[in-house]
1. Count neighbours as other Cβ atoms within 10 Å of each site's Cβ, and list the chymotrypsin sites (Phe, Trp or Tyr not before Pro) in the stretch A:90-166 that are DSSP loop with at most 14 such neighbours.
2. For chain A, give me every cysteine whose Cβ has no other Cys Cβ within less than 4.7 Å, ordered by residue number.
3. For the stretch A:107-235, just the Cα set please: Rg and Dmax, both in angstrom.
4. Consider just the alpha-carbon atoms of chain A and return their Rg together with their Dmax, both in angstrom.
5. So how strong a dipole does chain A carry about its Cα centre when Lys and Arg Cβ are +1 and Asp and Glu Cβ are -1, to the nearest 20 debye?
6. Report the FRET efficiency, 1/(1 + (r/R0)^6), for residue B:39 and residue B:18, where r is their Cβ-Cβ distance and R0 is 35 Å, rounded to 0.05.
7. Place +1 on the Cβ of every Lys and Arg and -1 on the Cβ of every Asp and Glu in the protein assembly as shown, take the dipole about the Cα centre, and give the residue among B:112, A:7, B:90 whose Cα lies farthest towards its positive end.
8. For the ranges B:49-62, A:85-98, what's the packing order if you count other beta-carbon atoms within 10 Å of each residue, average per peptide, and put the highest first?
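All of the numbers you see were taken from the coordinates with simple rules; none came from a lab. Note that the structure is predicted; figures quoted are calculated from it, not measured. Methodologically, a virtual Cβ is constructed for each residue, glycine included, from the backbone with ideal geometry; neighbour enumeration extends over all protein chains shown.
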Amino acid sequence: MSKMITLSVFRYEPGKDEKPSMQTFEVPMLKPGMKLLDALNYIKWEIDGTLSYRRSCGEGVCGSDGLNINGVNGLACITPIEGLKQPIHVRPLPSMQVIRDLVVDMDHFFDQYRQIKPWLQAESPLPEHERLQSPEDRERLDGSYECILCGCCTTSCPSWWWNGDRFLGPAALLQANRWIVDSRDEATGDRLDQVEDAFRLYRCHQIMNCMDACPKDLNPTAAIGHIKRKLVSRKS
Amino acid sequence: MRTVKEPGSAHGGLSDWYWQRLSAVVLAFLLPLSFLLMLMVFSGAVDQQGLLDILDHVASRVLHTLLILALMVHAYMGLKVILEDYVHMLAWRIPLIATMLVLMSGFGIWWLALIWAWA
């Protein structure tokens with residue numbers, strides 16, 4: 001008989017349940033290197049089909065299954081069961097409105113992403129083929145472009161918990177910096193104008209939960225620091 | 001279609017952040033000096049008259065003034081950030097920040113008066 005894993009999973013259906021509860025499940029260790037998503041899939045497919053969670057690619061690329069796992073945000077699909085203390089507490093991303101069980105409302109998160117205008121803005125005429133970039137300039141985007149917008153960083157940030165309506169959060173600011181450092185983008189001034197705000201940018205107090213939570217090992221705190229330095233150098 | 005309420009940037013915050021860091025650098029240099037002076041007094045290396053001579057010196061008064069100004073600016077910025085973080089109702093937040101500003105200014109002016117013996 002295979003080894004059993006114990007999970008304690010957050011359950012809540014607003015409108016039906018009076019309050020959230022934790023439900024315990026026993027799942028067999030199906031294979032070595034089994035990931036948390038495999039355990040959730042087992043629960044959904046073999047034990048309780050009503051359990052709701054988001055998933056898609058299953059390999060840490062789509063960013064759908066950001067969850068709070070034993071108190072730390074991460075992606076279920078790339079989090080190995082081995083090494084997790086049992087029972088494994090699986091909760092939705094913190095401070096988010098729960099739609100059902102582990103599914104949260106990401107609308108505000110993506111609204112904030114939209115606010116930093118995450119697209120190339122250039123007024124110079126389009127070259128015949130494409131806007132070229134030197135390998136060195138391209139290298140400056142490393143550490144930013146890999147972001148999959150899973151929301152693990154932003155929802156782990158206490159500043160965002162308290163002031164998420166105004167503070168843009170680490171994920172959006174990492175992307176703001178990605179376009180500020182892009183050699184092809186010509187709207188750096190406008191971008192800096194848009195984040196120069198006591199709440200939108202300066203609510204970041206370098207708590208660094210974001211870099212701790214990021215499943216892609218990115219560093220939003222450093223990106224935010226870079227934006228702050230750009231603002232200082234523009235002023236002084 | 002969702003309507004996004006987007007208030008935009010208030011184009012502020014940089015000066016607060018800048019002054020908080022600048023005052024921190026001043027404090028990093030001047031606070032250890034005041035602790036050093038206290039250590040010298042407690043160890044007996046400086047007696048009361050020696051302490052008064054040091055504090056009376058014009059260079060000490062200038063450094064002391066800088067220390068108090070940096071301390072007030074730094075504490076005000078830090079406490080303001082804390083109030084902005086946790087007090088969400090504007091009807092509370094703005095009066096609290098204003099009260100803090102008045103109290104700290106009064107305290108700073110009183111201390112400056114002691115340094116320069118105006119009182």
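1. Here the chymotrypsin sites (Phe, Trp or Tyr not before Pro) that fit, given the DSSP loop and packing criteria, are A:119, A:145.
2. A:77, A:147, A:150, A:152, A:157, A:204, A:214
3. Cα only, the stretch A:107-235: 14.5, 48 Å (Rg, Dmax).
4. That works out to 20.2, 69 Å for Rg and Dmax.
5. Dipole of chain A, to the nearest 20 debye: 520 debye.
6. The pair residue B:39/residue B:18 has a calculated efficiency of 0.60.
7. Value: B:90.
8. A:85-98, B:49-62
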